[in-house]
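To start, the structure itself, in structure tokens.
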Amino acid sequence: MKKTKPKPSAKQKARKAETQAQALAPDTSRFYKKEKSGLRCLTCAHNCLIANGQRGFCGVRKNVDGVLKVLNYGKIIACNIDPIEKKPLYHFLPASFSLSIASVGCNFKCLNCQNHDIAIELREKEPIPGNFVEPEKIVEIAIANNLPSISYTYTEPTVFLEYCLDVMKLAKKHGIKNVFVSNGFMSEQSRKAIAKYLDAINIDIKGFSDEFYRKVCNGRLQPVLDTCKFLKERGVWLEITTLVIPTLNDSDDVFESIAGFIAKQLGKETPWHISQFCGSISWKLKHIADTPLTTLERAIAIGRKHLKYVYIGNIPGHEAENTYCKKCGSVVIRRYGYSVKRLDVNGKCPNCKGKIDLIL
């Protein structure tokens, strides 16, 4: 009688997949499959079918003779030391600085994009611009500058996922935290891959309808919400940002929907950043005026009905930049733009000793 082999467990399958991924060339995509008419990219929620010699929507993944190559692997287009508040993250390592890196490309084409040069325009180039930097060098820079975190930001980190993972694994070994600033439009495979190494993420919820996402971002809403829930459930610190664009996503219904989703699905302790749109620096919406302060304050008032922490963005000096104790109302962290003064005592209110939701 033939002995049947026991089926591998989920953990064994995951270990095998990771081993296979590690054996790939660094610039080979981790997540794709072969189909009759091309390669199906499984990195983001577009799931592009890419014919030989062609690139996916992001502009940086190309079918090269039946292998999906990552054209921007290790090609750093931006590398800066930023306040963590610039991400924006207000409750994660507050008042610290983060090594911030990016490669060219994005899986959206947002009409309001403020980094359209590196996110959209340069992704059409051949070869992809950027200076090659070994993953080890990024970690060395963070260590040399005594930085507690590395942020994958400015463009969408999902489109340089392979490089992010290589840096993140090294960073973890050195006790350095990993941060994503993302549109959240990831595949299930990508979410799972980063969850083990990611410490914090800011995800844009740009609107609350598929119509808005298709018209303004060239994307869809549901994968973004799925990413938010998935990473929150796995203990990644999450903050949400919404850029309020007049006439496009500035209704009370949109504000109520986003605030309600955050409160019910992500938790009332999840910070919500409500930011002012500036038409003059946008890609395709220069004809739209900046968001009125009254609109932002209306959104904040709605958010505060549902959530513990609601912030204003791009309005330095406004009271909604500060973090307040929910028990006594005292200012716990005072902000003016990126100037930050912590008044908390090890994450507690200096007045009533109430606990603030901070990752220190």
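Bear in mind these aren't lab numbers, they're just calculated from the coordinates by the rules spelled out. Quick caveat: nothing in here was measured; it's all calculated off a predicted structure. Neighbour counts are summed over all protein chains in view; Cβ atoms, including those assigned to glycine, are modelled from backbone coordinates with ideal geometry.
With only Lys, Arg, Asp and Glu charged, each at its Cβ (+1 for the first two, -1 for the last two), find how big the charge dipole of segment 268-360 is about the Cα centre; round to the nearest 20 debye.
Values: 16 positive and 7 negative charges, 67 e Å.
Once rounded to the nearest 20, the dipole reads 320 debye.
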Would you mind calculating the relative contact order of segment 170-214 from Cα pairs under 8 angstrom and at least 6 residues apart, reporting the percent as a whole number? 41 percent
Where Lys and Arg each count +1 and Asp and Glu each count -1, what net charge lies around Ser182 among other residues with Cβ under 9 Å from its Cβ? -2
Relative intensity, log₁₀ I(q)/I(0), of segment 267-341 from a Debye sum that treats every alpha carbon as a point, q = 0.14, 0.16, 0.19 Å⁻¹: -0.50, -0.63, -0.83
Taking Cα atoms only, helix 222-233 is inclined relative to the longest principal axis of the chain by an angle, in degrees rounded to 10, of 80 degrees
Extending each Cα 7 Å along its Cβ direction at Ser96 and Ala301, get the distance between those two points in nm, one decimal. 3.7 nm
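Do any trypsin sites (Lys or Arg not before Pro) in segment 36-137 lie in a loop, going by DSSP, with at most 16 other beta-carbon atoms within 10 Å of their beta carbon, and if so which? Walk me through the numbers on the way to the answer.
Working: sites: Lys36, Arg40, Arg55, Arg61, Lys62, Lys69, Lys75, Lys86, Lys109, Arg123, Lys125, Lys137; in loops: Lys36, Lys109, Lys125.
Passing both the DSSP loop test and the Cβ count: Lys36, Lys125.
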Using only the alpha carbon atoms of segment 301-360, find the Kirkwood hydrodynamic radius as the inverse mean reciprocal pair distance, in angstroms to one decimal. 12.0 Å
Calculated Rg and Dmax of the chain using C-alpha coordinates, Å: 20.9, 78
Can you compute the FRET efficiency between Asn346 and Ala144 using 1/(1 + (r/R0)^6), with r the Cβ-Cβ distance and R0 = 30 Å? Round to the nearest 0.05. 0.60
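Would you calculate the volume per residue, in Å³, of the smallest convex hull containing every Cα atom of segment 42-114?
On the way: hull volume 9.4 nm³, N = 73.
Per residue, the Cα convex hull of segment 42-114 comes to 128 Å³.
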Taking only the alpha carbons of segment 27-70, the radius of gyration and the largest Cα-Cα distance, Dmax, both in angstrom, are 8.6, 23
Anchor Lys284: lysines whose Cα lies under 26 Å away (excluding residues fewer than 8 positions away in-chain): Lys86, Lys87, Lys109, Lys125, Lys206, Lys215
Roughly how big is segment 27-70's charge dipole about its Cα centre, with Cβ charges of +1 (Lys, Arg) and -1 (Asp, Glu), in debye to the nearest 20? 60 debye
